[in-house]
Structures are given as C-alpha cells and as structure tokens.
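Working notes, structure below.
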Amino acid sequence: MKEAKLPKNEKLRLAKLKSLAILDTGPEKAFDDITKVAALICDTPISLVSLVDEHRQWFKSRHGLGACETERKFAFCAHAILNDQVFIVEDATKDDRFFDNPLVTGPPHVIFYAGVPLTTKDGFRLGTLCVIDNKPKKIKEEQVEALKMLANQVVTQVELRLQAKKFQEFSKTLEQVVELNKKNYESVAEIGDSYLKVGLDALGMANAIVCEKKGDMLYPRAFAGLELDLDLKASVFSSFCRFAIEEKTHKFYHKIEDDFYGLFYPAQETVGVNQFLSIPLWVDEKIYGTLSFSSPILREAAFTDEEVKIGLILAEAISSKIEILLEKKNYKNILSVFDTAPDYIAIAEADSKKIIYSNKKFKNRIGGEHLNFENSTARWSDEVLKNNGDPFTLNNKAWRGESSIIENENEEVPVYQTIAFHGEDDGRPKYVSTIMHDVRQIKELQDQLAHERLRVEFAIKNANIGTWEFCFKEMNYTCDETILNIYGLNDRDSVPYEEWLTLVHPEDIEDVKNSVKESLENRTPLNHEFRTLRGDGVIRYLRNSAKIMKNHSGKKTMVGVTWDITEQKVKDIALKESLNQFQTLASVAPVGIFKTDVEGLPTFVNQRCVDMFEIDSSYLLGHGWEKFIHPEDKIPVLDMWYEKAAAGENFEHEYRVVVPSKGIIHVKGLTSPLKDDAGKTIGHVGVLLDISEEKEIADKLENSNKELKSFVTNMPAAVAMFDTEFKYMAASQKWKKDYNIENVLIQGRGHQDFLEWLPSDWEKSLRNVLRGNSYTTREEMFIGPSGKEEWVRWEVKPWVQGSGQVGGIMVYSEFITSKKRYEEELVVAKEKALKASEAKSIFLANMSHEIRTPLNSIIGLADLLAQSNLDEEQVKYVATFQQSGEMLLSLVNDILDLSKIEAGELVLEKHSFNFESIADKIVKIFSWQIQDKRLDFDYSIDSDVLGMFVGDMGRIEQILVNLVGNALKFTPSGRIDLSID
C-alpha cells in the first residue's frame, strides 16, 4: 500500500477547511440528496461527501456506509485531492497503490472508486464527492461529467452554509450596535464599556482598548478584558497601533512574529499578544486614536472579511459617539469664547425674534429681550435699508454688510454685521443669529494694509526670503523674523541704522554705503551682495534687492528683500578651491590625468599625459589622442568610449598607442562622467596608466607558465599541474596513462571529474596547500578496474608565479599497491616469528624444570658420597663431580630465568642472607678450576656490606657465579680479585 503525499499547500488547505466550520457537524438534507443522486447516476452502492482532515477523512454525507470517518493514510480521497482531475480506480485489487489497503481487503471492500475533488473558489481541494463499488467497474464520460456538476453543488452548499452562519452572526452584532447607537454617553470610557464587549464577543478576542492619540503618544481611554491604568501612556512608534495610524487604515495580524515583540502594547506585559486588529478612529476627518482587539491565543484561522467589517462598524460607531462628545464639549467652549469675544453676538428664535442667547458685550451695550432694532439702541444705516431692505425678510438667506450702532446712547460705531438663519421647521428657519464686529481699527489699518501688501508682493516676487524697510527720516531699519535670524539678532521691531552697519563685514561697509548712495542718487533699485559678521562670529553671504517708496504716512522709505546666499557662495568657493587642488595634484601625479568635454575632446591634460605621448599639450587639447591609437585597436576603443559616454557610465579599457620615439606602448584608461545637479553628463574625467612594463612581465609570466606546462607534460613520472581552482593546466603522459585519461581533453576540468573515489576532504587538503603548505604522506585506497583494492600515494606542493603569488599546485602520484602488499606480508611474518619465540620460551621453561629434577638428585648423591670414607683420589673425583653438578644447575637456572623473563613470570624472592657465606660458596664452587689453571684468587667484602640483608640470595649468587665464571674463562694466567662493596 502506498500512502498519498501531502499537498504542497497542506497547511493553508487545513486552515481553509477549519475556517468553513463544517467538520463534525450533523447531517444536512442538501448534502444527503447529492450523495443519493450520485449513487443513482453511477449505479454504485456507496456515495460519500468526504472531507480530508489532518489525520482522517470525515464524511459530511454518506450513502450506503455506516462509518462516519476513516484514517487518512488508508483514504482513496487523500490521493484524489492531489490534483484537479477526476480520480478513478477501476479495480483496486490490481492497483499497486491499493491492492493491500485494509479498506480493499476488508470492509467496505472498495474495489471501484471515482472521486471528484471539492475545490473552493480560492483553489483549495477540501475533499471529494466519491462513489464506491465492491466490484470492478467502468463509468461513462456522461457519468463523470454528472459527478463534476454534483461536486460543484457540494462546494456551493459548503460556501452557502458558511455565508449563512456568518450572516446570522453578523446580523446579531449589527442589531446590538444599532441598539447601542440609540444611547447617549457622557464619556469615552462609558462608550467603551458598551461597544468593546460586543466586539470581543463577535471577534472571539480576549482584550480590547480605545486609545487617544496626542502628538506622538497614545493614551488609553476605554478597555475591556484587561485592567489598565488610564494614566498610562505609550509612544505611537513603539506600539502595534503605529501601523494603522501611519497607513491610515485598519491593520490586522493573524500571528505576531518575533520581530514585533520589541514593540509596546499594553496587554502584552500581562497577557501577551498573538493576534492583533487595529483600526483608526476618525473624528472630524482626523485620526482621534485607535480601536484595537488582541488575543494571547493563536487562532487557527486568520481574520475573515466579516470580522474586519464588524471591527470597522464598531470603529465608525465609536468614532461617531466620540465626535458627539467632542461637539458638546466644543459647544460649551464656543459659548465661553462668545462670552469673552470682542464682538456683539446674539441668537434668537426666527419667528418671535426672542433672544435665547447673547454675549456679555451685547447685553451690556445693546441689551433688549428681542432681536428687534426698532426697540433697541442699535439702528440700521439708511443706505443698508435702502439697498437691501429689512434683513429679517431674507428668511433662509444670510446677510452680510456694513452697518452701525449707537453705543452708550451717543456714539455711533461702524460695524460689520452678519445675520444668518439656522435649522428648518416645516420649511421655515428655526433660529436667527447676528454677529457685529467693531471695524474702527480695521478702518485705521486699511491704509497700512495696502502698504504692507506692496511689501509682501515685492518680497514674493524676489523669492520671499526676508523683507525689510528703511526709514530715511528716522534712520531706522525694520525687518521680519527671517532677517533677524540671518543677522543673529534677538526678536525686536527695528534696528538703528548705525547698529545695522556694525553687522556688515568691515571689508564690505564702504561698498554697501556706495551702492545705497548710488541707488538714491539715480533713483534706481538697489541690488548688491555683501557679507555680514554676526555677533557670534559667523560670516554669512547676503544679497539685497530694494526700491525707494513712500509709506502710508508719506515718509520716504526703502523697501526690500534679503536672502542668504551663503550655501551657494560656499559651493562656489569650494568648487574653485577644488579645481585649484585638482590642477595642483594633477601636475605632480605619476599617472596621466585628463578632463574632456561631453564630446570627448580634452579640456585639460597634466604633464604626465604630455610626456606619455611626447607631444605639446596644446595639440592634445585641440585634437585629442585619437591619432595615436594603434590602428587595430582604434575602432573597438572608440566604440566603447561613445557607448559608455552616452550611457553616463564609468568604464575602463586597455589598448595600444603608437609614440614616434617609443614605438608601441600599452596604456590603461579609467574614465568617469562629470554630471551637473540635474544628472546630465557635461564631460568626463579620467586617468591614463602606462602598463607596458606590466604587459611585458605578464608575457614573460605566460611564457614561463608555458615552459612549466611543457616540463610537466614531458616528465617521465606521473605529474600534473593545477590552477587555484584545481582545474587541469597540464599532465605528464605517465599521469594520463595511470589514470586512463590519455584520449580525454582535461584542460579546465578537475581531477574529481574523472575519479569518483576521491575522498570528501580532497579539496580541503588542497586549499591548505594553496596557503603555502605541502604534504607528501597522503595515501588513498580505491577499487581498481579489476575489482581489487589498489593504493596510490600523493605528493602535493604549490607552484609560485613570478609575482610571488601561489599560482596553483603540482601533484606527484605513485601507485604503491605492490609495496602495500609487501608490508602486509612483513606483518604476517612478524606475527609468525612472535609465535615461534613464544613456543621456544614455553619449551625452555618446561625443559629446565625437567633437567633440574635429576640434576638435584645427582648433586645430592655426590654430597652423600663425599661424607663417606674415601681415599684422597676419590675425594678429588667427588669434589669435581660436585662442582660440575652445581655449575650445570646454575646454567639450568639461567635458562629457566630467561624463559620466565620472556613469559613474564619471573618473581624475585626475599630471604635473609650475608655476603660472607655467598663469597665462601663461590670459592668452593670454583676452587678446583682456580687450582687447575694455577690462578691466584682472593675476595674482599667492604665493611658497609657486612651483616645481614634481605633479598633474592639465589639471584645474587647467580650473578656472582656468572661474573666469576667469565673471569675464569677469559683469564689464562695471573690472579682474580672479587670485591663486594
């Protein structure tokens, strides 16, 4: 059995399925009718509407099947949703994917299957409408088309039931909002208590908050689901609400990513935030703040369009209520403003003209209970009544015009009056209001206003940077705030002429005075530039433009404008200095430096260019160096120049030039465009380098590399040459033969292209060699063409270019299979020798024990015989017999000790002894040999070693016997001394 793969969009598909709220719901007739029709059309006993969940397929409708779900891994439908085609299995017992499927081998015995994917409008395949039979079957094309149409009906029913559910919930929420809209509220907190609870229930969120934006700060005004301090405030820029405010639209996040957690959100500190919806609150066409909903629990589905609409409806309702609150507040503020206003203000009923409001000035100076000027101290001018009639007959029209009132019963005051009608009641105005403004000061200022208008218009015409006026009679300089800032002066109305002169740079004072004098004498406009030296030591460059005129009082003045041109002046000075520096540096530069116009004709060349071409600079400036370019290079060089120049790009190129006295030289040009402030190319600047020596070195290096390649190619050994990218440059014939690449083009290819058995760290080792290291002991095993193990040894070293840089690696190769096999034979021989030595040691140990047994018997019998009655000659024979036996025993002991040492079984014994007895015994053992060789023998024992000691007396005796025995053996005459210290 083969399980179906997961769709590529599985995560989104499951989210879509869950968002439809259809899983584990009860039977519905609309779906059951479809499955019955499908079974009838296809003549099958079973028909299902199957929805493929994460680990199961669940049946929304089932005809002819008792089970309500099965495991997904056995589901035919899991295969059907992998594409948009109808999925048909005519005989599952013959299908490799299903022949051993439990649903085939057991109930419900699925043999025939046909499933049509249930695909939503946004492309998600939720499951299938399928028909099933327990025997092999084929269906007609007409039946397939009918199944497709029925599947479309299933999808339509799924989407309709979701829309119906959402509409029901949406309608319920709207009814709640409508009821809340009927109520009046006294504070934003009271508004929030009502609307936020509805929003939490409708959106399924945990927390809600209404924030007010003041500047760059947010203040909580109402909340639900969490407890907040209303005095809390947070920066807009560190809040999730920031994005809704900046983009002026609602923003929602299904899942808050990690990089959002650096932002501040009031609920985050206590309950965390995983989902978030923020909507701007618009009041009076401005953003008042935000309405936000959040939840610490991550929902499986994102916000739906209906949920966002609910949020927007709540935001609009809350905005409306807040706007009403602000209007009430503004109404009270307006009335308070009216009370302190300098104008006469009154509001009356339109029909009765009874005053329902009048400000303090109206009450105190006009008074009256009705807005009827016949019974008050106010009167209309005859001209107003003549031209416009009674203002109250205008009904809904507004009347504006000049009038006058009698103030304090004797003074006529000119006013500008507005009468307006407000509201409608059966088509008639409900209220009438009047505002009368005292225009005495306005009249006085009109002349001044006309004069000021001329100043402003002139300032606008001349860039409107700063305006000033100089009064010749009072010798006073008045200016606006901009001029004061330019001169670094404190805020004041005017500056005396003498003080103003102190602000002019000392070096420019006389020029300023002369230009003003010339303007007065010739009655021409003033235009001049000068510097100001401010009190803080800062120098600014200024330009004045002015003309002489008379002010409203008839005084002769000069009115003008001033603007700060320091920035442009600094640029001009810097440009001039930069040009001087450029020419200075160019004159001493070791490379050729040039500038050209936009057509490429030189406008500047330094001395190095002149020396390079050995031609007068005037010729280069007039003709350029096109004639010097080598004929073979001229066309490509000029083509590149015009192509790159037209594109305004940086470029470089190398070419040859012909100089009469030098012949051909190689040059390299680096060119960049010069552009104006608008980005238009106005010329070019660049450098020319004489690279003839570099070219010569490069040619020599190339020849050297060729020689090296030739040397490698003809080497009798297996040698190969690689570059820094480990690509073949050359290889000897022996190398090619060893690696069977004699008839293969190897240049530019890597060794690994031919050998699959190269180790994984091959390239890493070679990288180490490129850093100047080398190794010669690397050996690799591989399986040869015969199928047997083969061995090769590498020796890798870097090769160095003429510049001193590593140019690549040289690899020497030797096949060492025979050597490796010889080494293996040596190991086997060594193991055999060790085993033979071990057998010898065991034999010697055993034989030594076997020899000692009869030898001890012989020595014992000799001792007994020496104690019997013997003649002198017999005693001599027995003594010799004893001595020989003891010497033979000593030899056997030596052999036994040797075998013990080899076997690792030698153990030293501990006994009490003294050297006197050992020395006496040695004398007795060798006495007959000493006498036989007629040698003198003597021994001495140092006083420090007299007395008793603990040790292996037998081994000490053995050592002394060997020493004395050797002395006897190699001493033909003379004497032997034994000294024990």
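The values are calculated or read from the model by the stated rules, or taken from the named source; none is laboratory data. Bear in mind the structure is a predicted one, so any value in this text is a computation, not a measurement. Cβ: placed from backbone, ideal geometry, glycine included. Neighbour counts: every protein chain shown. We work out accessible area using only protein heavy atoms, side chains counted, and drop any ligands, DNA or RNA first. Shrake-Rupley method; radii C 1.70, N 1.55, O 1.52, S 1.80 Å.
Sort out for me the strands (runs of 3 or more DSSP E) sitting completely within segment 1-104 that have 1 or more residues that are among the aliphatic types (A, V, I, L, M) and either touching a residue at least 24 places away in the same chain (Cβ under 8 Å) or within 21 Å of R125 (Cα to Cα) (or both). Outline the logic, then answer.
On the way: elements: 46-52, 56-63, 69-71, 87-89.
Here the list reads 46-52, 87-89.
Please verify whether segment 666-676 includes one or more residues that are within 38 Å of the chain's Cα centre (by Cα) and aliphatic (A, V, I, L, M).
yes
Yes or no: segment 166-184 includes at least one residue that is part of a helix (DSSP H, G or I), open to solvent by 50 Å² or more (accessible area, probe 1.4 Å), of a type in the set (A, V, I, L, M, F, W, C) and more than 29 Å from I22 (Cα to Cα).
For segment 166-184, residues part of a helix (DSSP H, G or I), open to solvent by 50 Å² or more (accessible area, probe 1.4 Å), of a type in the set (A, V, I, L, M, F, W, C) and more than 29 Å from I22 (Cα to Cα): present.
Residues being modelled with pLDDT of 90 or more and touching a helix residue (DSSP H, G or I) at 6+ places or on another chain (Cβ under 7 Å): count how many of those fall in segment 5-21.
Here the count works out to 1.
Could you check segment 660-676 and list, in sequence order, the residues that are surrounded by fewer than 14 Cβ atoms within 10 Å (Cβ to Cβ) and closer than 22 Å to F604 by Cα? Explain how you work it out, then say what you get.
Within segment 660-676, the subset surrounded by fewer than 14 Cβ atoms within 10 Å (Cβ to Cβ) is 660-664, 675-676.
Within segment 660-676, K675, D676 qualify.
Would you check which residues across segment 545-573 are open to solvent by 50 Å² or more (accessible area, probe 1.4 Å) and of a type in the set (G, A, S) and list them?
S553
Which pairs do you get when a residue that is within 16 Å of L908 (Cα to Cα) and free of Cβ contacts under 8 Å to residues at least 60 places away in the same chain, found in segment 953-971, comes within reach of a residue that is open to solvent by 60 Å² or more (accessible area, probe 1.4 Å) and among the hydrophobic types (A, V, I, L, M, F, W, C), reach meaning Cβ atoms under 7 angstrom, with the pair 6+ apart or on two chains?
R955/L908
Quick one: E790 ticks every box in (1) at pLDDT 65 or above; (2) outside any helix (DSSP H, G or I); (3) more than 30 Å from E694 (Cα to Cα); (4) open to solvent by 60 Å² or more (accessible area, probe 1.4 Å) except a single one, so which number is it?
Evaluating E790 over (1) at pLDDT 65 or above; (2) outside any helix (DSSP H, G or I); (3) more than 30 Å from E694 (Cα to Cα); (4) open to solvent by 60 Å² or more (accessible area, probe 1.4 Å) leaves (4) as the failure.
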